[in-house]
Amino acid sequence: MNRPQPRSESVPALLRAYGLRPQKGLGQNFLVDEAALDRIVAAADLSPDDVVIEVGAGLGTLTRRLARHAGRVVAVELDARLVEVLTDRLADLRHLQIVQGDILSLSDLGVAHLGYKVIGNLPYYITSAVLRHFLEHEPRPRLLVVTVQREVAERIVARPPDMSLLAVSVQFYGRPRLVARIPAGAFYPPPKVDSAVVRIDVTEQPTIALDPRLDPPDFFRVVRAGFGQKRKTLRNSLSAGLGVLPAQVEKALELAGIDPRRRAETLSLSEWASLACYLLEFMPPN
């Protein structure tokens, strides 16, 4: 691509130089705050031995920073227009691989068994799907550092009585913590809400011990049923979601030591594990 080089490396200048406009439908809000970019890189604890998958490389502002510290960077970008920009601007980075495509449909990025890390600015509409994509399938990353809407970040790190299906899904596989809050003005164009950076340290085994009879799919089958009708008590939501008689749900709740009047958001992961184990004998085949 033979484009005139912009006089400034700012995001607006780069977009003008390449004749581009941010696509709202793709969640294109580019992080421009230098301090915030540095916080993301610092949170990832990168070394020359690290392999990084960057989700949503955009214009390459964060990509170049990652490449300064990591041994290899795989930059994934859905927008073919931005892939051209990345290829043009980052041609000097020999340890960078640019991949055009949807991260949710890319199964082999050549990082299997390398203990890779994931870093990215995730649009709201794919946040949960991207986290599940990396956490529920092998090989899992060792670490994720993601920028998400602040409300979503707070849900990810929540504790009882404010749990959600997303919180359970993430905390089952790793230990999340809030790294930094990022105001809307740190992006171009600025979104309507603030964001936050979350670091998730992924554990080799689930963060809670499961009974040998209980596997993760059955565990999450119970959790999804519990959160399926949030305004209902566990007795009613689990009965409706699992196709189990209310009396059977009550029996399982009693054995697990859980008040049937409680709601899903009040349960800890260990309580879910205990409850799921007792419900197994009543649950119809999936």
Pull out a ≥ b ≥ c, the square roots of the eigenvalues of the alpha-carbon gyration tensor of region 192-281, then state rounded if a/c is under 1.5, prolate if not and a/b is larger than b/c, and oblate in the remaining case.
oblate
For region 57-119, listing trypsin sites (Lys or Arg not before Pro) in a DSSP loop whose Cβ sees at most 15 other Cβ atoms within 10 Å gives R94
For Rg and Dmax of the Cα atoms in Å, several values are listed as (1) 18.0, 52; (2) 21.5, 72; (3) 16.8, 47; flag the one computed from this structure.
(2)
Between G101 and residues 5 or more places away or on another chain, which pairs have amide H atoms under 5 Å apart, with H built 1.01 Å from N, and which residues are they?
E77, L78
Distance in Å, no decimals, from the C-alpha centre of region 138-173 to the one of region 17-64 is 20 Å
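Please give me the summed charge of the neighbours of F30: other residues whose Cβ is under 14 Å from its Cβ, Lys and Arg +1, Asp and Glu -1. Mind dumping the intermediate values first?
Details: positive: R16, R21, K24, R64, R65, R81, R89; negative: E9, D33, E34, E54, E77, D79.
Residues close to F30 contribute a combined charge of +1.
What trypsin sites (Lys or Arg not before Pro) in region 209-264 are in a loop by DSSP, with at most 15 other Cβ atoms within 10 Å of the Cβ? The partial results should precede the final answer.
Values: sites: R213, R221, R224, K230, R231, K232, R235, K251, R261, R262, R263; in loops: R213, K230, R231, K232, R261, R262, R263.
Passing both the DSSP loop test and the Cβ count: R213, K230, R231, R261.
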Scan the chain and hand back the longest stretch that contains none of the GluC sites (Glu not before Pro) lying in DSSP loops with at most 14 other Cβ atoms within 10 Å.
10-135
Relative contact order, percent, of the chain when contacts are C-alpha pairs under 8 Å separated by at least 6 residues?
14 percent
Overall form of region 70-130 per C-alpha gyration tensor (a/c, 1.5; a/b vs b/c)
oblate
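Is the shape of region 1-158 best called rounded, prolate or oblate, per the rule: a/c under 1.5 gives rounded, else a/b larger than b/c gives prolate, else oblate, with a ≥ b ≥ c the square roots of the Cα gyration tensor eigenvalues? Kindly include the intermediate steps, with their values, before the conclusion.
Numbers: a/c = 1.56, a/b = 1.32, b/c = 1.19.
Because a/c hits 1.5 or more and a/b exceeds b/c, region 1-158 counts as prolate.
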Name the residues whose placed amide hydrogens come within less than 5 Å of the amide hydrogen of I182, ignoring near sequence neighbours (fewer than 5 apart) on the same chain.
S195, A196, V197
Once amide H atoms are placed 1.01 Å from N in the peptide plane, what residues at a sequence separation of 5 or more from L31, or on another chain, have their amide H within under 5 Å of its amide H?
Y188
Estimated vicinal HN-Hα couplings, Hz - region 203-214 in sequence order (Karplus 6.51, -1.76, 1.60; Gly, Pro = x):
8, 5, 10, x, 6, 10, 7, 9, 4, x, 6, 10
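Roughly what % antiparallel, to the nearest 5, for the DSSP beta bridges in region 11-202? The partial results should precede the final answer.
On the way: 17 of 36 bridges.
Beta bridges within region 11-202, antiparallel portion: roughly 45 percent.
The numbers here are math on the coordinates, done by the rules we state, and not lab data. Because the structure is a prediction, the values reported are computed rather than measured. Please note: Cβ atoms are built from the backbone with ideal geometry, for glycine as well, and neighbour counts cover all protein chains shown.
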